[in-house]
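J.: There's a structure below that I have some questions on.
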Amino acid sequence: MSELAIAPPRSVRAPDFEGPMIRCDGVTKTFEEGRLRALDGVDLIVEPGEFVAVVGPSGCGKSTLLNLMAALDQPDDGTIRVAGHDLGHPPDLDHFRAVDVGLVFQLDNLLPSLTAVENVEVPLFTTERSRRRRRRRALDLLDFVGIADRADARPPQLSGGERQRVAIARALANEPPLLLADEPTGRLDSATSARVLDLLESLQRERDVTLVVVTHDPDVAERARRVLHMLDGRIERDVRDP
Ligand SMILES: Nc1ncnc2c1ncn2[C@@H]1O[C@H](COP(=O)(O)OP(=O)(O)OP(=O)(O)O)[C@@H](O)[C@H]1O
Ligand SMILES: [Mg+2]
């Protein structure tokens, strides 16, 4: 058995809100002073525990939508609720980003001067005051993603797949009920990408984490229970059990 079969270090927190995990109503986002319409009235409901893939041609608005769900940017129009928070008026953005949502970016975004374990510790600074417990938790997470033996390596010394797994461990640090991932297997070979997918799938299946994964990778879309096909800033098709 691979290390990925190891039971997760702690269970995911029970949701402390009612209703969908994500709700978008008429979400519109423009750039270039309104000339470029990246999102054009997106309506979407994602229930807790769903595994949703978002696909579509380059430039159709996938990353823009994910960034809005993560409260990294604001829509021009429409409303977004995530994990019970209205992202137009979130009570505490830092807390939301640190605790309610885990992010895995298109590029892994690790801090190159910190070691793998230190990168995973970063989000724990908002929630865990004990240095010893932060370290133990971060090591458990690296173990969970199967790279505990690389804990002291820095990102430039890690392979693309190892970096992506550190990024996933970091995203899980505070047990968020929602994981948003932008091309998590984009730069990985097929064996490594299958490993990362196994990991994501086990999170969804065993820990009830809601997954929204932007991807060009047909293997990811195949594993998802629901595929959103985007085109020109809209959800053109919403296919369940593809
Ligand atoms: N910060 C920005 N400033 C200006 N234009 C932007 C910005 N972010 C995105 N865009 C534009 O908005 C549109 C949607 O971009 P987005 O990054 O969401 O596409 P995508 O579907 O993720 O594409 P890819 O598959 O290539 O990652 C594109 O035309 C892009 O050029
Ligand atoms: Mg993108």
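Each value in this text was obtained by applying a stated rule to the coordinates, not by laboratory testing. This one's a predicted model, so the numbers in the text were calculated from it and none came from an experiment. Cβ coordinates were reconstructed from backbone atoms using ideal geometry, including for glycine residues, and neighbour counts include every protein chain displayed.
J.: Would you mind calculating the gained length between residue 28 and residue 45 on full extension (0.36 nm times residue separation, minus the Cα-Cα distance), in nm to one decimal?
T.: Computed gain between residue 28 and residue 45 is 4.6 nm.
J.: Given labels modelled 7 Å from the Cα in the Cβ direction, how far is it in nm from residue 149 to residue 126?
T.: With each label placed 7 Å out from Cα toward Cβ, I get 3.4 nm.
J.: Another question, then. Across the chain, where is the longest run that never hits GluC sites (Glu not before Pro) in a DSSP loop with at most 13 other C-beta atoms within 10 Å? Show your work: numbers first, answer last.
T.: On the way: sites that count: 18, 32, 33.
Answer from the scan: 34-242.
J.: HN-Hα J couplings of the range 47-52 from phi, Karplus 6.51/-1.76/1.60, θ = phi - 60°, integer Hz, Gly and Pro as x?
T.: 7, x, x, 6, 10, 10
J.: How much length is gained on full extension from residue 231 to residue 190, taking 0.36 nm per residue of separation minus their Cα-Cα distance?
T.: Extra length available between residue 231 and residue 190 comes to 12.1 nm.
J.: Let me ask something else about it. Can you give the log10 of the normalised intensity I(q)/I(0) at q = 0.13 Å⁻¹, computed with Debye over equal Cα scatterers of the chain?
T.: Treating every Cα as an identical point scatterer, log10 I(q)/I(0) equals -0.77.
J.: Assuming 0.36 nm per residue, please report the length gained on full extension of the stretch residue 159 to residue 241 beyond their Cα-Cα distance.
T.: Working it through step by step, the gained length comes to 26.2 nm.
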